[in-house]
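Take a look at the structure set out below.
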Amino acid sequence: MRNKKLVSYGKFGYIFSIPFILAFLVFSLYPIVYTLVIGFTNLEGLNPKDVHILWDNPFKNFAWVLKSKLFKKSFTNTVVIWIMNFIPQMGLALLLTAWFTDRRSKVKGQGLFKILFYMPNIITAATVAILFGQIFGFPSGPVNATLIKLGLSKEGFDFQLKPMRIKAVVAFIQFWQWYGYTMVMLISGVIGINPEIFEAADLDGANRVQTFFLITLPCIRTIMLYVLVTSLIGGLNMFDIPSLYAMNHGDNGGYTLNCFIKDQAFGPDNFYDTAAAASVLMFLVIVALSLVLFFIMRDKDEAKLKKLKKQQLKMARSRKAY
Amino acid sequence: MAKTQSLHKESIGLKIIIYVVCVILAIASVLPFIIMFSNSMRSTFEIQQSSISFFTKDPIGNLAKNWKVFNGKSFDPATGFINSLIVSTGTTILAVYFSCLTAYALYAYEWKLRDAFFGLIVGIMMIPGTVTAIGFYQAAYKVGMTNKLSMLILPAIASPNMVFFMRQYLQASLSMEIVDSARIDGAGEFMTFNRIVFPLMKPAIATQCIFTFVGSWNNLFVPQILLTKKEKFTLPIEVSLLNSDIYQTEYGSIYLGLSLTVIPLIVIYILLSRYIVEGVALGGVKS
């Protein structure tokens with residue numbers, strides 16, 4: 001009787017999921033598939049004629065993109081900028097986490113510090129890009145004005161002149177916007193650790209440094225991995241800051257993948273086909289990364305429970321067989 | 001005894017380092033915005049003389065002058081503000097309501113494809129809108145839906161990250177007994193969700209509202225592709241116009257334009273920062 005009732009409620013699970021599924025099909029899945037299809041066609045120009053799938057050489061666009069010097073450059077730029085921002089970001093976030101979660105001496109004003117460190121993260125990246133363009137402006141922006149006043153530079157320093165400088169500034173902006181977020185995530189991970197573990201470490205006479213490296217770090221491994229993968233995916237999509245701070249400067253030193261895709265599709269020639277091919281390549285990388293994330297985040301307890309249930313079912317069956 | 005003393009000294013030294021570093025970082029977080037606000041009240045000439053001085057002769061007059069520069073040029077913060085408000089509000093409402101509904105479907109009911117569906121949601125969580133932008137634009141273009149703000153709002157109905165978060169929240173806080181008692185009282189399933197479950201999710205909704213709103217408010221890539229008409233531009237697109245050559249030497253106006261776009265966010269942040277910072281932590285994975 002009870003079982004029957006459960007079954008009759010089950011259909012609401014489907015009904016309540018319909019809006020999500022419809023919106024997903026129309027606004028996510030369809031565009032993904034459509035992008036993929038465009039990648040195999042010759043869709044170019046504002047009023048394209050005779051658009052068809054390139055049957056004789058289906059991977060033409062993909063091959064072109066992979067050979068394109070600008071694509072290679074934008075890919076390297078994206079990765080290099082991400083690394084330049086992520087390593088110091090994680091380092092500082094870990095250091096602050098260690099300080100803020102120290103059980104023996106509390107840092108006063110932590111709440112305020114957290115609020116201030118996180119603040120840059122919610123400000124529009126487009127605004128931040130242009131603001132830093134002004135702040136690092138040559139020759140009389142605030143940074144250069146300070147350098148000249150301190151006697152560290154005579155005529156100021158053109159931060160947009162060379163590829164490496166542009167990368168450094170873009171990475172710095174990303175770092176400035178994101179270390180607070182990473183810190184808050186890591187701190188929440190540390191707070192989630194069972195305090196008994198720390199007490200046991202205290203009893204065993206572990207000092208601060210030992211406790212941090214041998215207890216805290218291994219315990220927040222999952223959250224660190226989560227931050228790493230989400231940051232990597234976000235980093236591949238870097239667009240606002242590079243396009244508004246770095247575009248057309250310093251020998252394209254800050255030209256990222258999304259800049260490439262956007263320029264291909266919405267530049268003067270409207271190469272939608274190659275833009276789509278580049279998007280698909282990026283999509284594949286992100287899917288691979290998402291799979292990693294999927295494994296990190298899958299519900300381990302639930303998976304165990306299911307295994308157990310299956311085993312019990314098997315046992316019950318085998319008993320029946322006897 | 002000597003040992004404890006040296007330990008004490010060491011920890012004081014460490015404390016000093018900690019506070020110095022934290023204060024420097026705190027200054028680094030706010031200084032750019034202080035420079036921005038202060039320079040928006042200075043004339044371009046004053047800024048060229050010294051861009052780090054906070055001195056100005058006539059703040060109100062300069063503000064008015066800087067504002068006048070926008071007249072007749074492309075940067076139009078009022079239009080951008082209204083459009084961004086429409087898009088962000090619409091996105092937030094749709095995303096929150098439908099994510100709660102989907103999360104409830106995943107949590108409260110036993111159905112055959114439930115686990116597969118949840119797997120799908122986790123799988124697509126991280127796929128950003130930018131990689132599908134070309135197909136999205138072409139599809140919208142074919143049906144004449146570019147330059148429609150609704151095209152930026154409707155996709156929010158399927159927000160996998162928020163569904164994931166809301167499901168976690170339901171798992172931790174909603175007991176099925178409440179739902180069962182509502183059923184016994186004769187409430188329909190849809191009504192139970194609207195009248196009982198949805199209001200119970202308020203704390204989770206509050207934090208997710210803030211993040212969705214801010215995320216949508218700051219979005220540049222997809223709106224910039226989809227919207228080509230000036231009167232449809234959102235605020236980040238308006239901001240990007242400040243980068244163009246016509247403003248190159250109008251430093252005061254650039255700072256003022258940037259300030260205008262930041263003020264709403266700073267106000268929201270000052271009012272809600274506590275919840276925001278707590279919310280970041282909640283949004284993460286359970287460890």
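Out of the trypsin sites (Lys or Arg not before Pro) in segment A:122-224, which ones are loop residues according to DSSP with at most 11 other C-beta atoms within 10 Å? The partial results should precede the final answer.
Details: sites: A:Lys149, A:Lys154, A:Arg165, A:Lys167, A:Arg208, A:Arg221; in loops: A:Lys154.
For trypsin sites (Lys or Arg not before Pro) across segment A:122-224 that sit outside H, G, I, E and B with at most 11 neighbouring Cβ atoms in 10 Å, the list reads A:Lys154.
Cross-link list A:Lys72/A:Lys167; A:Lys306/B:Lys112; A:Lys69/B:Lys230; A:Lys162/B:Lys73; A:Lys162/B:Lys232: which exceed 26 angstrom alpha carbon to alpha carbon? The pairs that break the limit, which is 26 Å between Cα atoms, are A:Lys69/B:Lys230; A:Lys162/B:Lys73; A:Lys162/B:Lys232.
Of the trypsin sites (Lys or Arg not before Pro) found in segment B:91-162, those in coil by DSSP whose Cβ has at most 13 other Cβ atoms within 10 Å are B:Lys112.
Give the average, rounded to an integer, of partner chain Cβ atoms located within 10 angstrom of each Cβ in A:133-140. The partial results should precede the final answer.
Values: counts 4, 11, 7, 0, 4, 0, 0, 7.
Per residue, the average neighbour count from other chains is 4.
Where does each of A:188-197, A:274-283 land if you order them by average Cβ count within 10 Å, highest first?
On the way: A:188-197: 15.0, A:274-283: 25.8.
Those peptides, ordered most packed to least, come out A:274-283, A:188-197.
Shape verdict for segment B:77-283, please, from the Cα gyration tensor: rounded (a/c under 1.5), prolate (a/b greater than b/c) or oblate. Note, shape of segment B:77-283 comes out prolate. Note on segment A:70-110 and segment B:105-163: Cα centroid distance 30 Å, given to the nearest whole angstrom. Three principal axis extents of segment B:154-233 based on alpha-carbon atoms, in descending order, are 55, 23, 17 Å.
From the residues A:Met247, B:Ile205, A:Asn237, which one has its Cα farthest along the dipole of the protein assembly as shown in the positive direction, the dipole being from +1 and -1 charges on Cβ of Lys/Arg and Asp/Glu about the Cα centre? So the residue furthest toward the plus end is B:Ile205.
If you build a Gaussian network model of chain B, linking Cα atoms that sit under 10 Å apart, which residue out of B:Ile254, B:Ile24, B:Ile35 swings the most? For chain B, modelled as a Gaussian network with Cα springs under 10 Å, the answer is B:Ile24.
Output the peptides A:239-251, B:124-136 sorted from most to least packed, where packing is the average of other Cβ atoms within 10 Å over each peptide's residues.
Numbers: A:239-251: 21.4, B:124-136: 23.0.
Answer by packing, highest mean first, reads B:124-136, A:239-251.
Taking chain B as a Gaussian network of alpha-carbon nodes connected by springs under 10 Å, the highest mean-square fluctuation of the residues B:Val122, B:Val239, B:Val23 belongs to B:Val23.
Solvent-accessible surface of chain B, averaged per residue with a 1.4 angstrom probe and all protein chains in place: 47 square angstrom. Couplings 3J(HN,Hα) of segment B:47-63, computed from phi: 5, 5, 5, 7, 8, 10, 7, 9, 8, 8, 7, 9, x, 5, x, 5, 4 Hz, in residue order, whole Hz [Karplus 6.51 cos²θ - 1.76 cosθ + 1.60, θ = phi - 60°; x for Gly and Pro].
For A:Thr41, nonlocal amide neighbours, meaning residues 5 or more places apart or on other chains whose placed amide H falls under 5 Å from its own, are A:Leu54. Given +1 at the Cβ of Lys and Arg, -1 at the Cβ of Asp and Glu and no other charges, the dipole of segment B:103-241 around its Cα centre is 500 debye to the nearest 20. Based on alpha carbons, the Rg and Dmax found for segment A:108-248 are 20.0, 60 Å. Take each residue of peptide A:28-40, count the partner chain Cβ atoms within 10 Å of its Cβ, and average: the result is 5.
The 3J(HN,Hα) values that the Karplus relation (6.51, -1.76, 1.60; θ = phi - 60°) gives for segment A:83-95 are, in residue order, 5, 4, 8, 6, 4, x, 4, 5, x, 5, 4, 5, 4 Hz. Gly and Pro appear as x.
The protection proxy used here, the mean number of other Cβ atoms lying within 10 Å of each residue, ranks peptides A:33-45, B:45-57 as follows, highest first: A:33-45, B:45-57.
Note on chain A: Cα-Cα pairs beyond 30 Å make up 56% of the total pair count. Here the convex hull built on the C-alpha positions of the protein assembly as shown has a volume of 211 cubic angstrom per residue. Charge dipole (Cα centre; +1 on Lys/Arg Cβ, -1 on Asp/Glu Cβ; no other charges) of segment A:134-237 amounts to roughly 640 debye.
Inter-chain Cβ neighbour count for B:102-112, averaged per residue, equals 6 (cutoff 10 Å, partner chain atoms only). Between A:Leu70, B:Trp67, A:Ile220, the Cα set farthest toward the positive side of the dipole of the protein assembly as shown (charges on each charged residue's Cβ, about the Cα centre) is that of A:Ile220.
Rounded to the nearest 100, the interface formed by chains A and B buries 8500 square angstrom of accessible surface, both chains summed, with a 1.4 Å probe. Among A:Ile197, A:Leu284, A:Ile166, whose Cα lies farthest out toward the positive end of the dipole of segment A:70-321, if unit charges sit on the beta carbon of Lys, Arg (+1) and Asp, Glu (-1)? Highest projection toward the positive end goes to A:Ile197. Rounded to the nearest 20, the size of the Cβ-charge dipole of chain A about its Cα centre is 1820 debye, with Lys and Arg at +1 and Asp and Glu at -1.
The values are calculated or read from the model by the stated rules, or taken from the named source; none is laboratory data. Bear in mind the structure is a predicted one, so any value in this text is a computation, not a measurement. Because the Cβ atoms are built from the backbone with ideal geometry, glycine has one as well, and the counts that use them run over all protein chains shown. The area values use the complete protein model at the heavy-atom level, side chains included, leaving out ligands, DNA and RNA. Shrake-Rupley method; radii C 1.70, N 1.55, O 1.52, S 1.80 Å.
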